[in-house]
Protein chains: 2
Amino acid sequence: MLWLWYQHNGKTTDRLVAEEAEITKTPNKREHDVLLSTGEQITIAKLCMCLNKLGYDAVSYTGWQIPIITNSVFGNARIQEINTKRIEEDLQNRKIVVIAGFQGIDEDLNITTLGRGGSDTTAVAIAASLNAERCDIYTDVDGVYSADPRVVKDVCKIETISYDEMLELASLGAKVLHNRCVEIGKKHNIPIYVKSTFEKESRGTLVTSNECMENLCISGVAKEDNIARITLIGKTNKIGRIYKVFSILADNNINVDIIVQAFGEHISKDISFTVKEHDLEETLEILNEHVKEFDIEEIKSSTGMSKVSIVGIGIANNPGVAATMFEVLYENNINMHMISTSEIKISVLVNSNVAETTLNAIHERFITKDTVSV
Amino acid sequence: MLWLWYQHNGKTTDRLVAEEAEITKTPNKREHDVLLSTGEQITIAKLCMCLNKLGYDAVSYTGWQIPIITNSVFGNARIQEINTKRIEEDLQNRKIVVIAGFQGIDEDLNITTLGRGGSDTTAVAIAASLNAERCDIYTDVDGVYSADPRVVKDVCKIETISYDEMLELASLGAKVLHNRCVEIGKKHNIPIYVKSTFEKESRGTLVTSNECMENLCISGVAKEDNIARITLIGKTNKIGRIYKVFSILADNNINVDIIVQAFGEHISKDISFTVKEHDLEETLEILNEHVKEFDIEEIKSSTGMSKVSIVGIGIANNPGVAATMFEVLYENNINMHMISTSEIKISVLVNSNVAETTLNAIHERFITKDTVSV
């Protein structure tokens, strides 16, 4: 049997970021990664020393020592290949292998970091490379809940959740697991067990391919703040504009979330979409550079919005879920700016000042009241 | 024109060592190097960010990125090879290249550190690999002095000193430059210019192959504390004992300094030598294991001794130097335990409680009074 443990350690990294901020607010991205990667390197060495002290034979590896090959997007690199030769040799010799997460090297031997959720991503990627039975992630929460316990009352811990549901919850602001690591888990079918570092007795949440057998299982609700909405008002319904807008934003690594294009007669030339607030300024700059090319008449934007979502297998086949959700919002006098649906989720964009109310109302209606079905 | 700058940065490393000590007093040596090497990695990234901020194009490299290949003696590795390809390309592109000192990798890609003086050593080794015109070392003192200014009054700064004299001064406890870096400078004939980071106007000291043209130039005096003396009293004058004793100590990486074997009738079977006090315990353990093999009757040791030395080209050809030195000690009622001489130095072992007095008395007689000649 073979599995991987992973434990977060953010304090050193936080200190490095603070020290960097004293030097510059706009660090060279390559040097930023050289700096930040030391945090996990310090951790692996110390962890091995602790394990040695307890009598275990442990050996540490940095990203470049494995090596974990990534692309060259500093600060947000993607893992491309992991060489498991040294890991497998050490495991066969009964050693505990401690690998620095969050880091890799590109083809030119530059140090890269994986960005948010990078440590979890490394753990699951290594588990996948080793064909591990399971990847255990020890973190500061004891599992995945039906909603953020700091915001919503009476939340329930989820014992088992599918990759897809977890992906929706992760990308919707439930900060337990980053969606990149869940994607790798799904792709290679590695079960991910999320568990508390601090509460030994507590059971965690297992993320697997096992789907809910019921007709409808609502897994949870989630909220993401600091969303900005941009609306492009077009002169004409120019062919290819949507493609061009979103491909140029993708080239600039700006993640666009909800996209709405209404095809009614009088608004057919407009596109609305959301980005994270901290990307808004750059997004507007890029769009303004291409106003003529895209044949855009006006660019409108608004901030201070939140996305509230409900996630569960079978939502698409249960029109009642959307209806009930909109009813809850109506009852609470909450205005929706955008709506987005998928197979397993429904998201609405609301003003941030009513986001918590929205989240609680939806959680109460779907989870606290009825637990798994509407 | 091409040269290298180097600046010490010990704070981060000090903190890492303190954090390590909280975990274990006997860290695994490989992991110790993984931990310690992060200090310089943090520094190179930050330095590049500072240079960027000033408008310069700078790029950082860790030891493994160059790579700087060393042997596998963790904590005290020796540089074996430096690949200058990336450095030369970057320099040709007018970039400032910032390289982490003190670290390298062995053939199995393990991280190694170079031990005391490792950062200076890296700087001079890179200068040698690049055939640089000079290596500038920016440090916390503004040059090499005729003695430690904290201990001796009226010291003079040395403008130019030969590699050999600097080697003697370095190994004798003048902590400006470690002897490993001076050895590399000598071997590859790279002038080393030691200069203050903080006092821009001050001229430093140049270490070169240029020798003093005078008949005798006393460069300086130096003191090294925490010396232990060991005396092996033998049953017989066994052939090969000296060879065996010192080769087994060398195998255990114990540096032996002054060795005295008197060949008078009644003491011909004894050997005395000095080691650093922190090596004493291990040295005695090793010797005790081999008491029979070496035919040793008794092992005596004493601590609390200091080595005081005078360094200058031409000392060997000026018997008056030794005589004057012994006269100074006699006048000050200072007892000598051992004497060692070389081409360019005379060292005496005295009790540590009179070491400062000895140093001052010698400095006053040779340097303050007569400046360069006796």
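Highest GNM mean-square fluctuation among B:Lys195, B:Lys153, B:Lys25, for chain B modelled with Cα contacts below 10 Å: B:Lys25. Using a 1.4 Å probe over protein heavy atoms, the accessible area lost on pairing A with B, summed over both chains, comes to approximately 3200 Å². When chain B is treated as a GNM with alpha-carbon contacts under 10 Å, the residue of B:Gln80, B:Gln65, B:Gln92 showing the greatest mean-square fluctuation is B:Gln92. Across all C-alpha atoms in the protein assembly as shown, the radius of gyration and Dmax reach 34.4, 118 Å.
Using a cut-off of 11 Å between beta-carbons, work out the net charge of the residues near B:Ala170 (Lys and Arg +1, Asp and Glu -1, B:Ala170 not included).
Numbers: positive: B:Arg116, B:Lys175, B:Arg180; negative: B:Asp120, B:Asp164, B:Glu165, B:Glu168, B:Glu183, B:Glu224.
Net local charge, B:Ala170 excluded: -3.
Sites listed here are chymotrypsin sites (Phe, Trp or Tyr not before Pro) in region B:1-109 whose DSSP assignment is loop and whose Cβ has at most 13 other Cβ atoms within 10 Å: B:Tyr56. Using the Cβ of B:Asn253 as centre and a radius below 11 Å, the other residues enclosed give a net charge of -3, where K and R count +1 and D and E count -1. Of all DSSP bridge pairs formed entirely within chain A, close to 70 percent run antiparallel. Quick one: pull the percent of accessible area on region B:9-110 belonging to carbon and sulfur, 1.4 Å probe, ligands and nucleic acids left out. Here carbon and sulfur together make up 49 percent of the probe-accessible area. Only protein heavy atoms count here; under a 1.4 Å probe, B:Ile286 has an accessible surface of about 10 Å². Post the alpha-carbon centroid distance, region A:147-200 to region B:297-352, in whole angstrom. Between the Cα centres of region A:147-200 and region B:297-352 lies a distance of 72 Å. Computed with every protein chain present, the accessible area of A:Met305 is close to 10 Å² [probe 1.4 Å]. Summing Lys and Arg as +1 and Asp and Glu as -1 over all other residues whose Cβ lies under 9 Å from the Cβ of B:Ala77 gives a net charge of -1. Nearest beta carbon of chain A to the A-to-B rotation axis, with distance in whole angstrom: A:Thr38, 2.
The residues of region B:18-32 listed by number as losing at least 40 Å² of accessible area in the complex, against the isolated chain and with a 1.4 Å probe, are B:Glu19, B:Ile23, B:Arg30, B:Glu31. At a probe radius of 1.4 angstrom, the accessible area of chain A per residue rounds to 49 square angstrom. Using a Debye calculation, one point per C-alpha and no hydration shell, please list log10 I(q)/I(0) for chain A at q = 0.06, 0.15 Å⁻¹ in order. Evaluating at q = 0.06, 0.15 Å⁻¹ gives log10 I(q)/I(0) of -0.27, -1.38. Relative to one another, the C-alpha centroids of region B:10-31 and region A:65-108 are positioned 25 Å apart. Pairs from the table (A:Lys25/B:Lys29; A:Lys195/A:Lys223; B:Lys153/B:Lys307; A:Lys46/B:Lys175; A:Lys175/B:Lys11) lying more than 28 angstrom apart at Cα are A:Lys25/B:Lys29; A:Lys46/B:Lys175; A:Lys175/B:Lys11. For B:Cys156, the amide hydrogen comes within under 5 Å of the amide hydrogens of B:Ser146, B:Ala147, counting only partners 5 or more places away or on other chains and with H modelled in the peptide plane.
Of A:Asn226, A:Asn360, A:Asn333, the residue with the greatest mean-square motion in the GNM of chain A, using alpha carbon springs below 10 Å, is A:Asn333.
Sorting B:Lys186, A:Lys223, A:Lys157 on solvent-accessible area from highest to lowest, probe radius 1.4 Å, gives B:Lys186, A:Lys157, A:Lys223.
The values are calculated or read from the model by the stated rules, or taken from the named source; none is laboratory data. Being a predicted model, the structure only gives us computed values, none of them experimental. Glycine also receives a Cβ, built like all others from the backbone with ideal geometry; neighbour counts cover every protein chain displayed. We work out accessible area using only protein heavy atoms, side chains counted, and drop any ligands, DNA or RNA first. Shrake-Rupley method; radii C 1.70, N 1.55, O 1.52, S 1.80 Å.
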